[in-house]
Amino acid sequence: MSCTYVTSQTPRVLKLKSEVISPTLCRVSTGVPADHRISAENRSLLPYIINIDSGCTTAKIRYDDAAGPVVGWKHTLHVPPRPGKGASPAAAEFPLVSLGAGRYESIETKLSWQVVGVPTAQAETATIQVETT
Amino acid sequence: MNCRNLLAGATELDGQSSWAVQNSWIFPLALAIFLLLISPLITKWTIGVLDGQIATDGARHGVPANAVIYPHVHPNRIHDYVEWATDLVQIVPAGLLPIASTILALTTKISSLTCVLLVLGLAITTIILLLYVSSKDASVYVSGWKLCTFYSVATSFAIAMNVLCIPIILYFGH
């Protein structure tokens, strides 16, 4: 079980990470705040647009929307070009909620990336698993 | 009269034994350090010249101003390629020339075995650095560690090699 996924098909200048942030590693518990976080590190001088299309594929894990638990989450992340040195970071996160006990609860996230101004985009699917209590 | 004699004549005007002549082997190293210190500026200038050439070439080929430029050949990406390639080609001379200079300077003062060990050690270090830099993506390398936020791994290595060889010559040269 892994609650962190780092893309392997992105350009070497761009690293995308999908992970669950919670007080207990890889566990989402009722009443305990937890987030699904997508972070990007850009080492190129080109700005990127990252489209996040994420969905819970099992029954006991959901995104915690204001209106109640939802299956999916979509977001567009703008990653600026790097400064003179180091990487340019950007991140987006959405809270998660547990709907009961589950051992291998899964979240599948389609991450697509494109350079600003370039019409073509590439994508990779990141799957992470958590335990819910 | 050769350059060494010229230097000797210029520095022995007062009839004293010249420190400069005795240690003349360190001057090429000092010059190399100076050139390495200004090398980032030369690279920036080269990038500027290259930008101008790309713009002129694009105009002469009738490339429209709003043409899509793909990321791998985008001018910003080319800037990183230039910086990376410049470093890659200078690693071998940067690693081996200072030690060659040191061995020539100390040719009668150090044993053959020491020479061989020095060259072998530096050659292996240089090859490792060459493989490391060549394995890196250009942008990842350029945005990586820099000495004083200015000097890349290869340039820092070259400066360090030259700086290290100066005290070796000064110490063993007498």
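Taken together, the values in this text are just the output of simple stated rules run on the coordinates, not laboratory data. None of these values were measured; they are calculated from a predicted model. With ideal geometry, Cβ positions are generated from the backbone for all residues, glycine too; neighbour counts draw on all protein chains shown.
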Subject >> 5 angstrom amide H check on A:L99, placed H, neighbours 5+ away >> reply: A:I61, A:R62
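Please compute the contact order of chain A in relative form: average sequence separation of alpha-carbon pairs under 8 Å and at least six residues apart, divided by the residue count, as a percent. Don't skip to the answer; put the middle values down first.
Numbers: 365 pairs, mean separation 41.6, N = 133.
Dividing the mean separation by the residue count of chain A yields 31 percent.
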Original post:
For the range B:112-118, in order, what is each residue's ³J(HN,Hα) by Karplus, 6.51 cos²θ - 1.76 cosθ + 1.60 with θ = phi - 60°, in whole Hz (x at glycine and Pro)?
Top reply: 4, 4, 4, 4, 4, 5, 4
Original post:
Per the helix-only calculation at 222 nm, which mean residue ellipticity applies to chain B, given -39500 (n - 2.57) for every DSSP H run of n ≥ 4 and division by its residues, nearest 500 deg cm²/dmol?
Top reply: -25000 deg cm²/dmol
**OP:** Along Cα→Cβ, 7 Å out, is where each label goes; now give me the distance between the ones at B:I110 and B:A65 in nm to one decimal.
**Re:** 6.0
Original post:
Measuring from centroid to centroid over Cα atoms, what is the spacing of the range B:97-130 and the range A:6-69 in Å?
Top reply: 52
Subject >> Inter-centroid distance (Cα atoms) of the range B:144-163 relative to the range A:82-131, Å >> reply: 36
**OP:** State the answer as a single residue: which of A:T133, A:S29, B:L97 lies farthest towards the positive end of the charge dipole of the protein assembly as shown, with beta carbon charges of +1 for Lys and Arg and -1 for Asp and Glu, about the Cα centre.
**Re:** B:L97
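Taking the Cβ of B:T46 as the center, what net charge do the other residues with Cβ under 15 Å away carry, scoring Lys and Arg +1 and Asp and Glu -1? The partial results should precede the final answer.
Values: positive: B:K44; negative: B:D51, B:D80, B:E83, B:D87.
Summing Lys and Arg as +1 and Asp and Glu as -1 gives -3.
How much length is gained if the chain between B:T149 and B:T46 is pulled fully straight, taking 0.36 nm per residue apart and subtracting their Cα-Cα distance, in nm to one decimal? Please list the in-between numbers first.
Details: separation 103, 0.36 × 103 = 37.08 nm, distance 1.94 nm.
Fully extending the segment from B:T149 to B:T46 adds 35.1 nm.
State the three equivalent ellipsoid semi-axes of the range A:74-126, derived from the C-alpha gyration tensor as the square roots of 5 times its eigenvalues, in descending order and whole Å. Write down the numbers at each step before the final one.
Details: eigenvalues 177, 48, 19 Å².
Largest first, the range A:74-126 gives 30, 16, 10 Å.
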Original post:
Taking chain A as a whole, which cysteines find no other cysteine Cβ under 4.7 angstrom from their Cβ?
Top reply: A:C56
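Excluding A:K17 itself, what net charge comes from residues whose Cβ is under 10 Å from its Cβ, given Lys and Arg +1 and Asp and Glu -1?
Taking every other residue near A:K17 into account, the sum is 0.
Please compute, over every Cα-Cα pair in the protein assembly as shown, the percentage with a separation greater than 33 angstrom. Spell out each step's value before the answer.
On the way: 23621 of 46971 pairs.
Everything past 33 Å amounts to 50 percent.
From Cα pairs below 8 angstrom and at least 6 apart in sequence, can you work out the relative contact order of chain B, rounded to a whole percent?
Numbers: 120 pairs, mean separation 59.3, N = 174.
34 percent.
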Subject >> Binned Cα-Cα distances of the range A:1-104, short to long, each 10 Å bin given as a whole percent >> reply: 15, 43, 28, 13, 1
Subject >> If the convex hull is drawn through the Cα atoms of the range B:90-171, its volume per residue in Å³ >> reply: 79
**OP:** Please report the base-10 log of the normalised intensity I(q)/I(0) for the range B:20-174, using a Debye sum with one equal scatterer per alpha carbon and no solvent, at each q in 0.10, 0.14 (1/Å).
**Re:** -0.47, -0.77
